[in-house]
Amino acid sequence: MALQDKYASLISAARAKAVGNLNVTEQDNVLYIDGKVGSSKDKDEIWSIYNTIDPDYRAGDVRLTLEVTDAPTSTEYTVKSGDSLSKIASKYDLKWKDIFEANKDLIKNPDLIQPGWKLKIPVKDKS
C-alpha cells in the first residue's frame, strides 16, 4: 500500500478521468494503473501528475497504461422546474448518486438543485 499512498494524487486523477473500470494493482513493488480515458487531454493531465511526482521517471515503480477511447464520458442535462436527482437519474437508468458524484462542483446539497443548472450525466458503463 505504500506505493498507493505515494501516488494517491495520480490514482485519484486517473479514477476521475477513467471511462469504465480502472485497475490499480500493486505487485512486486510496482504499481500498475490500467484503464481507459475519454480523451488525449485527460491522458496528458494524468501523465503530468505522474511527472510532478517522479520528474525523471527514474523510480520505475509505476506502470501507467491508459488507452484513449472516443466514447463520451458524459452528456449534459438542463434542470427543469420539478426535477430531482432521482427523477433525472431514472431517465438515464442511473442512480441519483451517480449524477451527484459527477456534479459535486455544482451541487452542494443533493436535495437542492436549481432549474437552469447544466448537469453532467455520466454515460453508463457498458462493459
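The values are calculated or read from the model by the stated rules, or taken from the named source; none is laboratory data. Computed from a predicted model, the values in this text were never measured in an experiment. Glycine gets a Cβ as well: all are built from the backbone with ideal geometry, and neighbour counts include every protein chain shown.
A few notes on this one:
- Scan of the range 11-28 for residues that are of a type in the set (S, T, N, Q), out of contact with any strand residue (DSSP E or B) (no Cβ under 8 Å at 6 or more places or on another chain) and over 18 Å from ILE49 (Cβ atoms), ordered by number: GLN27
- Subset of the range 49-63 (residues that are surrounded by 11 or more Cβ atoms within 10 Å (Cβ to Cβ) and closer than 17 Å to ALA13 by Cα): ILE49, TYR50, ASN51, ILE53, ASP54, VAL62, ARG63
- Within the range 1-29, residues that are at positive phi have Cβ atoms under 6 Å from residues that are modelled with pLDDT under 90 in these pairs: GLY20/ASP125; GLY20/SER127, counting only partners at least 6 apart in sequence or on another chain.
- Every residue from the range 97-119 that is surrounded by 12 or more Cβ atoms within 10 Å (Cβ to Cβ), under 19 Å from VAL19 (Cα atoms) and not aliphatic (A, V, I, L, M): LYS97, ASP98, PHE100, GLU101, ASN103
- Any chance ALA2 is within 24 Å of LYS124 (Cα to Cα), of a type in the set (Gly, Ala, Ser) and modelled with pLDDT under 95: no
One line per residue, one yes/no per condition, for (1) among the small types (Gly, Ala, Ser); (2) touching a Ser or Thr at 6+ places or on another chain (Cβ under 7 Å); (3) assigned by TED's automatic domain parsing to the domain that holds ALA102; (4) at pLDDT below 95:
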position	(1), (2), (3), (4)
SER12	yes, no, no, yes
LYS17	no, no, no, yes
LEU22	no, no, no, yes
GLU26	no, no, no, yes
GLY38	yes, yes, no, yes
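- Residue within the range 64-83 that is in the same structural domain as LEU106 (by TED's automatic domain parsing), closer than 16 Å to ILE121 by Cα, without any contact (Cβ under 8 Å) to a residue 12 or more places away in the chain and surrounded by 15 or more Cβ atoms within 10 Å (Cβ to Cβ) present: no
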